[in-house]
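Notes follow the structure.
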Amino acid sequence: MTALETVRYRGVVAYDGTDFFGFQRQAGHTPTIQGKLEAAVAHVTGQPVEAVTITGAGRTDTGVHAAGQVIAFDTVWRHTPHDLWRAINANLPDAIALQSLSVAEPGFHPRFDARSRAYEYTLVVAPVRQPCLRRYAWHIARRAPLDVDAMQTAAARLVGTHDFGTFGQPPQGNNTVRHVMFSEFVVAPDDIVIRYHIEANAFLYRMVRRIVGALVRVGSGHLTRDDFEAALRAADNQWPNPTAPAHGLCLTKVTY
């Protein structure tokens, strides 16, 4: 490897998506995660920002967070990957941080090489809002607890290969079939915080948030488990269903 050789790097990024318009770069001066990463890499390496392209494993929406977003980019760097990692982090805003950085195989692609992605959605069920969690959890204002057992049963019916057309649209093409490996709720000891975990080979646009919106309806008694399953089987993208807010969602892991 020569000092001037272009190298592909692979990194894991965490971010608080509250103040960003999603991961994907947009026209103008709209702040995005990709845009901030590309600007940091360009500044550190001396490249024009137009010459830097960050590829991500998932294009998270406006307000969505990540603890394990995987990225890749090509650049020329004369020092160690550790030095590059430190330099990039020093030029990122506090809301974004590279958790790790290493040299990748030349053909590595964070999105197309991924075998699965895992998301976590956080709910806070309480009669009064919880300010410390307001950026990272959907507050459901009610005194009575949600029926988590009913939600758990409905969530389990998502496991397997299904047409998820009811719960989202494909980012490209028209294939709405996805394979879900894991779908489960975990209740915190305080009985207020409920976390929904789902892992799949890929996701449709807003799929997790629409699923959560429907499962909360199950938990509140406005939708039966059989109704939920019937909606899934129908694969009807016109099914009226509230979408859970973005700020409760976090991309936690990408598996290769």
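Data table
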quantity: Only one of Arg115, Arg157, Arg142 that is of a type outside the set (Asp, Glu), surrounded by fewer than 18 Cβ atoms within 10 Å (Cβ to Cβ), touching a helix residue (DSSP H, G or I) at 6+ places or on another chain (Cβ under 8 Å) and in contact (Cβ under 8 Å) with a residue 60 or more places away in the chain; calculated: Arg157
quantity: Residue match in segment 221-240 (condition: part of a strand (DSSP E or B) and either of a type in the set (D, E, K, R) or closer than 18 Å to Asp163 by Cβ (or both)); calculated: no
quantity: Members of segment 181-200 that are closer than 18 Å to Ala156 by Cβ and in contact (Cβ under 8 Å) with a residue 60 or more places away in the chain; calculated: Met181, Phe182, Ile194, Arg195, Tyr196, His197, Ile198, Glu199, Ala200
quantity: Top-ranked residue of segment 160-175 - restricted to ones that are in a loop (DSSP other than H, G, I, E, B) and crowded, with 20+ Cβ neighbours inside 10 Å, ranked as farthest from the chain's Cα centre (by Cα); calculated: Phe164
quantity: Verdict on Val212 being buried (at least 16 other Cβ atoms within 10 Å of the Cβ), free of Cβ contacts under 8 Å to residues at least 60 places away in the same chain and not acidic (Asp, Glu); calculated: no
quantity: Test result for Leu146, farther than 16 Å from Glu229 by Cα, assigned to a strand (DSSP E or B) and in contact with a strand residue (DSSP E or B) (Cβ under 9 Å, 6 or more places away or on another chain); calculated: no
quantity: Among the residues listed as Leu204, Leu146, Leu133, the single one being more than 27 Å from Tyr15 (Cβ to Cβ) and not polar (S, T, N, Q); calculated: Leu146
quantity: Any hit, segment 176-192, residues being in a loop (DSSP other than H, G, I, E, B), of a type in the set (S, T, N, Q) and touching a Lys or Arg at 6+ places or on another chain (Cβ under 9 Å); calculated: no
quantity: Odd one out for Asp147, checked against (1) in contact (Cβ under 8 Å) with a residue 60 or more places away in the chain; (2) touching a Gly at 6+ places or on another chain (Cβ under 9 Å); (3) under 22 Å from Cys250 (Cβ atoms); (4) not hydrophobic (A, V, I, L, M, F, W, C); calculated: (3)
quantity: Some residue of segment 45-52 being buried (at least 17 other Cβ atoms within 10 Å of the Cβ) and more than 25 Å from Pro245 (Cα to Cα); calculated: yes
quantity: Residue within segment 111-123 that is touching a Leu at 6+ places or on another chain (Cβ under 8 Å) and among the acidic types (Asp, Glu) present; calculated: yes
quantity: Candidate set from segment 34-63 (those that are outside any loop (DSSP other than H, G, I, E, B) and touching a helix residue (DSSP H, G or I) at 6+ places or on another chain (Cβ under 7 Å)); member that is farthest from Ala97 (Cα to Cα); calculated: Val49
quantity: Subset of segment 17-33 (residues that are surrounded by fewer than 20 Cβ atoms within 10 Å (Cβ to Cβ), in contact with a helix residue (DSSP H, G or I) (Cβ under 9 Å, 6 or more places away or on another chain) and small (Gly, Ala, Ser)); calculated: Gly22
quantity: Positions within segment 74-109 being crowded, with 17+ Cβ neighbours inside 10 Å and either in contact with a Gly (Cβ under 6 Å, 6 or more places away or on another chain) or among the β-branched types (Val, Ile, Thr) (or both), in sequence order; calculated: Thr75, Ile88, Ile96, Leu98, Leu101
quantity: Filter pass, Ala14 being surrounded by fewer than 20 Cβ atoms within 10 Å (Cβ to Cβ), modelled with pLDDT under 95 and among the hydrophobic types (A, V, I, L, M, F, W, C); calculated: no
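The values are calculated or read from the model by the stated rules, or taken from the named source; none is laboratory data. Since the model is a prediction, treat every value here as computed from it, not as a measurement. Glycine also receives a Cβ, built like all others from the backbone with ideal geometry; neighbour counts cover every protein chain displayed.
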